[in-house]
Amino acid sequence: MKRAIYQVAVGPQSNLYKHCIKSVNDYAVSIGAEHLVQKQPLLWVKPDPFTGQRSKESYEKYGGFLPIFEKENVFATFKDYDQVAVIDADIYIKPDSPNVFDTISADCHFGAQFERDLPVNERYQRQIIKYSREQLTNTVCKPYDWDFDHPNGGAFFNSGMIVYNCAKMLDHLKGMTPKQFMARPDFQDFIDGIGPFRWQTDQIMLNYWMKKDNLQVEAVDWKFNALFSALEQGKISEAHFVHFFMRHKLPQNGECIQELMDAIDKV
């Protein structure tokens, strides 16, 4: 099996991102996967300046594009591999973590971690229930079944860590390039940040895509995408991949690396 891990790291990198990316590189070496890091924008996705509801500052500060959609350039690599994992630059992989590729069957299009399956604390439970209601019951997403019969809300996956089966994806995409994919008219509201999507990354867009195109998605064990500060006390110590999401809420914006590494076994 030929495997790769794809990351996007455009522009200046924080100490947190550098530390996490190094951990991913070390992990890739340990499991025999290639490590691909995109350091320049290739898709240049930006909202419509006339109809979009995102602030101009949200894309102008990066030079006129939204880095949050650059990860979809991973589609261009599928022809060269059997499996490709996309991992956010704020995910730290612990040494000796098991091989996440081995947890995904060849029958699905991709595997991802569904947030409601996390052993969340009460604060984050309330947050994801509210988030899933806002994001999944609006006009765009409402036509699809998000299975709200769960104490932690609707069934959406976190886009920070996705393992793609390349053959299945190539068959589905039928030659569509990453730029053509992002130019789908039904994605425009997500790019423009209309209504509840104003502050969204690619996450709900990809969940919508999963539902609309009827993709087969397997649930990855929560330990491969554990959200830091969102879990019950002591659970982060059990995780393999620690996702330091919402960096602006971390101590010193996540720049105190040793403090964060020490906290992994305490929170």
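The values are calculated or read from the model by the stated rules, or taken from the named source; none is laboratory data. The structure displayed is predicted, hence computed values, not measured ones. Cβ coordinates were reconstructed from backbone atoms using ideal geometry, including for glycine residues, and neighbour counts include every protein chain displayed.
Can you find a residue that is over 23 Å from residue 157 (Cα atoms), of a type outside the set (Gly, Ala, Ser) and loosely packed, with under 14 Cβ neighbours inside 10 Å anywhere in region 30-46?
Looking through region 30-46, at least one residue is over 23 Å from residue 157 (Cα atoms), of a type outside the set (Gly, Ala, Ser) and loosely packed, with under 14 Cβ neighbours inside 10 Å.
Going by the structure shown, is residue 204 modelled with pLDDT of 95 or more and aliphatic (A, V, I, L, M)?
yes
Counting only residues that are among the small types (Gly, Ala, Ser) and either within 24 Å of residue 216 (Cβ to Cβ) or under 18 Å from the mean Cα position of the chain (by Cα) (or both), which one in region 75-107 is surrounded by the most Cβ atoms within 10 Å (Cβ to Cβ)?
Looking at residues that are among the small types (Gly, Ala, Ser) and either within 24 Å of residue 216 (Cβ to Cβ) or under 18 Å from the mean Cα position of the chain (by Cα) (or both), I get 85.
For region 49-74, how many residues meet the condition of being surrounded by fewer than 18 Cβ atoms within 10 Å (Cβ to Cβ) and either touching a Gly at 6+ places or on another chain (Cβ under 6 Å) or small (Gly, Ala, Ser) (or both)?
Looking only at that region, the number is 5.
Regarding region 220-227, can at least one residue be identified that is part of a loop (DSSP other than H, G, I, E, B), surrounded by fewer than 16 Cβ atoms within 10 Å (Cβ to Cβ) and of a type in the set (Val, Ile, Thr)?
Checked against the condition, which is being part of a loop (DSSP other than H, G, I, E, B), surrounded by fewer than 16 Cβ atoms within 10 Å (Cβ to Cβ) and of a type in the set (Val, Ile, Thr), region 220-227 yields no hits at all.
Counting just the residues of region 252-267 that are within 19 Å of residue 237 (Cα to Cα) and assigned to a helix (DSSP H, G or I), which one comes out modelled with the lowest pLDDT?
Here the answer is 254.
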